[in-house]
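Take a look at the structure set out below.
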Amino acid sequence: MIVGLVIKLAPGNIIQDMVKFKEGFFFNLLLPPIILNSGYELKRRNFFLNFGTILTFAMVGTFIAAVVTGVCTYLYALVNPEGITISFLDSMIFGSILSATDPVTILAIFNQLHVDPQLFSIISGESLLNDAVAIVLSDTLRKFRGQDLHVVNIVKGVGLFLSVFWASTFIGILFGVVVALMLKHSQLYRFPSIEACLVLLLAYSSYFFSNGTQMSGIVTLLFTGITLKHYAYDNLSKQSKRATKFMFQILSQLSENFIFIYLGINLFAQDDLDYKPLFILVTLAFICVARYASVAPLSMMINAVCRALGRDDQLPRNHQMMLFWAGLRGAVAFALASGITGDSAPAMRTTILAVVVLTVLLFGGTTGRMLQVLDVRTGVIEPDESGSEEEGEGEGAEGLNKKKYNKISTNDDDDMLIETGSSQRLYQNDQSIGGLLSGPLGEPIPEDRPPHWFVSFDEKWLKPFLTKKHVQQRNLTLAEYWKEKRRKMERANRNMLDGIRDLDHRDDDNSDVLTLNSVKRKPTRPNVLGNPSKIVIGSGRVFGRSPSIESSDEDDNNNRFH
């Protein structure tokens, strides 16, 4: 913003002409790397587990926000306090543009603080699909400019919107499948640089192909990235896996930084700015009302469905408030504003730019404090779904032996492995694979839920068809390895609980053996890694000996455990 103010005050128009916002430059060069990286680095497990919720907010929620904002803007224009005249269709286009959320700042803070994975996946997934929905919705409304508003046109618009969205999704999946098959049946792994470049160029081609067929390039590119990571990634060589991952991340980060610089400069350097202070303030209020109207009712409906199915509420109150707070606007809204026409078009474009900057400053700048106020769970570290960056061809469960591990003996003569280094932090926070094996103290480890039908179909037919044979064998070996570890942990859990039930407590003062305080006491590091005989393995966690048990009973109690 400071640079933009300096350019505005500087004499001459040469620099101002160079930094003017260009819609084609934004949509063809800056936006695609961000969308592609979002799909490529997407936490696919959480995304598809919450896909129904994400799709509800992204489609129904965006529609509600667009309608509420558009209607409120039209009613405000009827009052005409600042000489603004906006037709109903232009008001709805204005509302659809401002319904595009882009919480880049909030997601960056979420990623740094390791916020609750479910909340993170819902907000990030909604923002990705929401941008695509807002673009398709605004483009659809523009096609009806000059036509009368009646039921036939409304039904036609809804059908056009849905057909464009799902056709774009199919094109993205198709491109990803073609790339996966090409990598499977070729020997491009011998030329990692060419392999990585082809993946990037073909993904980029899907964006232009979709736009060329009057579909949504953003939706296509998003699902191209998801499909590439799910199928084509396993067919890449080790060097190409690293190259594509870091190349997409770097391009995305550069694009995001340049977009924010672009917005700050154009806040002052645009030549057709028309500031209407009251219109800016009421528009900011309108989008807050619209965001609440889209989050609160849909959250209640989703929770009601969960309760009807016998599940816990998916969106507690603090998550709902964080969803509302994450509704800041971004560069996509400002880019779409360039297509606004009419007598009040400059005022509307300027208002959208001002609202984008204000929401980033107000909502993005207070995210850390809101996480504390709402008591949202942080510090949750998820295992990387893509595996280690060092993984190579033919690596299966035996690849675990290449890393450094410490053994901890259990009471069923099995060994539990704790990886030293970075993964030890995951173990201590119960976020490693061991966390998936654990159950509450005093209860058996619950059995896995039956896999979704698509997961079974994917593992049985799609993965073998689209990935190389040694990759399938490696995945099967790893799956069997962790199933065996789960069975060992469950036996250790049962043995520990049987030993606890057989304990003869002679004194009520010793009853704190099973209290929360005694369970929470962490053993010292030498005991965990250096003296396996002093620990008990249960529920996927390591518990030290309770200090409330007298040392004279130690041998007797150890015999009872074993």
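The values are calculated or read from the model by the stated rules, or taken from the named source; none is laboratory data. Model, not experiment: these values are computed from the prediction. As a convention, Cβ positions derive from the backbone with ideal geometry for all residues, glycine included, and neighbour counts pool all protein chains shown. Calculation scope for accessible area: heavy atoms of the full protein, side chains included, ligands and nucleic acids excluded. Shrake-Rupley method; radii C 1.70, N 1.55, O 1.52, S 1.80 Å.
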Enter the accessible area per residue of segment 57-135 (Å², integer; probe 1.4 Å; all protein chains in place). 30
Along Cα→Cβ, 7 Å out, is where each label goes; now give me the distance between the ones at Asp498 and Met182 in nm to one decimal. 5.8
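Taking 0.36 nm per residue of sequence separation and subtracting the Cα-Cα distance, how much length would be gained by fully extending the chain between Cys288 and Arg44, in nm to one decimal? Mind dumping the intermediate values first?
On the way: separation 244, 0.36 × 244 = 87.84 nm, distance 2.99 nm.
Additional length available on full extension: 84.9 nm.
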Apply 1/(1 + (r/R0)^6) to the Cβ-Cβ distance of Phe454 and Tyr189, taking R0 = 30 Å, and write down the FRET efficiency to the nearest 0.05. 0.55
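If one computes P(r) from the Cα atoms of segment 32-93, what percent of pairs lie at distances over 20 Å? Provide the component values of the computation, followed by the final result.
Values: 992 of 1891 pairs.
For segment 32-93, the share of Cα pairs beyond 20 Å comes to 52 percent.
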With every protein chain left in place and a probe of 1.4 Å, what is the accessible surface of His230, to the nearest 10 Å²? 50
Using a 1.4 angstrom probe with every protein chain in place, what is the largest-first accessible-area order of Leu278, Leu353? Leu278, Leu353
Filtering trypsin sites (Lys or Arg not before Pro) in segment 70-160 by DSSP loop and by at most 14 other Cβ atoms within 10 Å leaves Lys143, Arg145
What residue among Leu141, Thr73, Thr56 has its Cα farthest toward the positive end of the dipole of segment 1-142, where the charges are +1 on Lys, Arg and -1 on Asp, Glu, each on the Cβ? Thr56
On the full set of protein chains, 1.4 Å probe, figure out the accessible area of Glu126 and give it in Å² to the nearest 10. 10
Note to self: C-alpha centroids of segment 182-260 and segment 290-359 sit apart, in Å, by 29
For a label point 7 Å along the Cα-to-beta-carbon line of Lys469, residues of segment 185-207 with backbone N under 20 Å: 185-190
Along the principal axes of its C-alpha atoms, what lengths does segment 194-259 span, in descending order and rounded to whole Å? 37, 28, 20
For segment 225-315, with +1 on Lys and Arg beta carbons and -1 on Asp and Glu, the positive-most of Asn266, Leu236, Leu309 along the dipole: Leu236
Label-point gap, in nm, between Glu82 and Val151 - each point 7 angstrom along Cα→Cβ: 3.9
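Extension gain Cys306-Asp343, at 0.36 nm per residue separation less the Cα-Cα distance, in nm?
8.5 nm
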Quick one: pull the percent of accessible area on segment 164-298 belonging to carbon and sulfur, 1.4 Å probe, ligands and nucleic acids left out. 73
